[in-house]
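Encoded as structure tokens, the structure appears first; notes follow it.
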Amino acid sequence: MPAAYDPQNIFAKILRGEMPCCKVYEDDVALAFMDIMPRAEGHTLVIPRTPARGLLDMPEDALGPYMLRVRKVAAAVKKAMQADGLTIQQFNESAGGQVVFHLHFHIQPRWEGVALKPPGAMGDKAALEANAAKIRAAI
Ligand code: 5GP
């Protein structure tokens, strides 16, 4: 039996405005904001407004519009951060590396020869804000 969606997960709280985030984009389909523990400068998360736990829980009719937002934000991140490439990650369930159980895609800008930072280090608030402003301007 698949696990249920928990409306108290942190991203659901961000969607409802109960928790702050460093926002880069929002519309009626998706919200994008800076990952609080960035693995690269400009590491952005894109989440659907649909309450889906993971990719396999996302209703088919909501998936297409959401993926268009993922791509739109990804393009802006690449441009704003002057990246050579992007790593786009999406994890499902604990065994798959998922920690927050609301569907999200990670958009990580990449530069030739620059490795991702190890996970778990909080980002500098001013740097997160500065990167968010750059990405907002590129959307
Ligand atoms: P995942 O579920 O894909 O493994 O990872 C969840 C991601 O969400 C992590 O990269 C983590 O840094 C990020 N994250 C966890 N809690 C918060 C939060 O409260 N705010 C923001 N902006 N990011 C968060």
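The values are calculated or read from the model by the stated rules, or taken from the named source; none is laboratory data. Note that the structure is predicted; figures quoted are calculated from it, not measured. In this analysis, Cβ positions are derived from the backbone assuming ideal geometry, glycine residues included, and neighbour counts consider all displayed protein chains. SASA here: full protein model, heavy atoms, side chains in, ligands and nucleic acids out. Shrake-Rupley method; radii C 1.70, N 1.55, O 1.52, S 1.80 Å.
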(request) State all residues of the stretch 22-60 that are within 13 Å of the ligand (Cβ to nearest atom), open to solvent by 50 Å² or more (accessible area, probe 1.4 Å) and not aliphatic (A, V, I, L, M); if no residue qualifies, say none. (result) Lys23, Arg39
(request) Show the residue pairs that are 6+ apart or on different chains and have beta-carbon atoms under 7 Å apart, the first residue being within the stretch 11-23 and in contact (Cβ under 8 Å) with a residue 12 or more places away in the chain, the second being near the ligand (Cβ under 8 Å from one of its atoms) and open to solvent by 40 Å² or more (accessible area, probe 1.4 Å). (result) Ile14/Cys21
(request) Check Glu129 against each of (1) open to solvent by less than 50 Å² (accessible area, probe 1.4 Å); (2) in contact (Cβ under 8 Å) with a residue 60 or more places away in the chain; (3) within 16 Å of the ligand (Cβ to nearest atom) and name the one condition it does not meet. (result) (1)
(request) From (1) out of contact with any Cys (no Cβ under 7 Å at 6 or more places or on another chain); (2) more than 9 Å from the ligand (Cβ to nearest atom), pick out the condition that doesn't hold for Val99. (result) (2)
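Per-residue answers, yes or no, for (1) at pLDDT 95 or above; (2) within 24 Å of Asn9 (Cα to Cα); (3) of a type in the set (Val, Ile, Thr):
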position: Lys78; (1), (2), (3): yes, no, no
position: Ile88; (1), (2), (3): yes, yes, yes
position: Ser94; (1), (2), (3): yes, yes, no
position: Glu112; (1), (2), (3): yes, no, no
position: Leu128; (1), (2), (3): yes, yes, no
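Yes/no per residue for (1) of a type in the set (Ser, Thr, Tyr); (2) over 23 Å from Gly17 (Cα atoms):
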site: Thr44; (1), (2): yes, no
site: Glu60; (1), (2): no, yes
site: Ala83; (1), (2): no, yes
site: Gln98; (1), (2): no, no
site: Glu129; (1), (2): no, no
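Evaluate the following for Ala115: is it away from the ligand (no atom under 16 Å from the Cβ) and open to solvent by 60 Å² or more (accessible area, probe 1.4 Å)? Give the derivation first.
On the way: away from the ligand (no atom under 16 Å from the Cβ): yes; open to solvent by 60 Å² or more (accessible area, probe 1.4 Å): yes.
In short, yes.
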